[in-house]
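Colleague: Submitted below is the structure of interest, expressed as structure tokens.
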Amino acid sequence: MTAEADAPLRLGVSACLLGEAVRFDGGHKRDFFLVKTLGRFVDWVPVCPELESGLGVPRESMRLVQMHREIRLVTAKTLHDHTDTVGRYTVRRLEEIAEQGLCGFVLKKDSPTCGLERVRVYKASGVPTRDGRGLFAAALVDRFPTLPVEEEGRLVDPRLRENFIECIFAYRDLAAPLLIPIICAIGLHRVSPMINRLLAVALCAVDLMRHFFREFDS
Ligand code: SF4
């Protein structure tokens, strides 16, 4: 067994998905698959950007709002703007995450902070579009463009689940962080969120080939 294979599979996760009572209403969104199945094989690093930013529990629920050209994170009723507070926390937390050697991240869907895709963005008309990305999630994929990232909602699909698991192993085994400076230098990951997924799949493919040739040689 190699040193790589001995390394722990450490994944970040939106803390509410592990059953931690960190949501705005003091509740949680415990996910059975993450806690009972995947949890047997990985070390979770729980993160709740809203709570850890100092917003407390309970707190007023928040939403993404389009203001001119910017998307802001504001409370749903009182319209208090928490974009800068959560943004400052996120910059700090991502630096810590860089030191923690994560192989992937599971995010809470639909959250204005953690949601990866199709998060509601409210326009001036009051009508939301479902084309947003949570504040923390956006910063996470920007900072770690090849890190496998998924939402718990997508992991109910066996094909997507299998793909995610292959990708986290590939990320660990390939020492993917070596590739990140190259990708960032090219700026490829900023072109489209889809590019991040394609890069992760490409890492998986390279890893599978590497394992194949290793078996072939032995
Ligand atoms: S979705 Fe994210 S910010 Fe909201 S409660 Fe869960 S971990 Fe905290």
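Just so it is clear, none of the values below were taken in a lab; they were calculated from the coordinates. Note that this is a predicted model, so its numbers are computed, not measured. Don't worry about glycine lacking a Cβ; one is built from the backbone with ideal geometry, like all the others, and counts go over all protein chains shown.
Colleague: Taking Cα centroids, how far is segment 47-71 from segment 136-172 in Å?
Modeller: So the separation of the two Cα centres works out to 23 Å.
Colleague: On to the next question. Quick one: which residues, 5 or more positions from Asp43 or on another chain, have an amide H under 5 Å from its amide H? H modelled 1.01 Å from N in the peptide plane, none for Pro or chain starts.
Modeller: Sorted by chain and number, the residues that satisfy this are Leu9, Arg10, Leu11.
Colleague: Please order Glu99, Glu150, Glu50, Glu20 by the number of other Cβ within 10 Å, starting at the fewest.
Modeller: Listed from fewest to most nearby Cβ atoms, that is Glu99, Glu20, Glu150, Glu50.
Colleague: In nm, to one decimal, how far is the Thr85 label point from the Asp157 one, both placed 7 Å along Cα→Cβ?
Modeller: The modelled label-to-label distance comes out at 3.6 nm.
Colleague: If you don't mind, there's one more thing I want to ask. Add +1 for every Lys or Arg and -1 for every Asp or Glu among the other residues with Cβ under 14 Å from the Cβ of Arg93, and state the total.
Modeller: -3
Colleague: Separate question: Can you sort Thr129, Thr83 from fewest to most other Cβ atoms within 10 Å of each residue's own Cβ?
Modeller: Fewest-to-most Cβ neighbours within 10 Å comes out as Thr129, Thr83.
Colleague: In addition: If the chain between Ser61 and Phe32 were fully stretched, how many nm would it gain, using 0.36 nm times the residue separation less the Cα-Cα distance?
Modeller: Difference between extended and current length: 8.0 nm.
Colleague: Please report Ser14, Ser61, Ser125, Ser53 as a ranked list, fewest other C-beta atoms within 10 angstrom at the top and most at the bottom.
Modeller: Ser125, Ser61, Ser53, Ser14
Colleague: Roughly how many nanometres apart are two label points built 7 Å out from the Cα toward the Cβ at Arg92 and Thr78?
Modeller: 2.1
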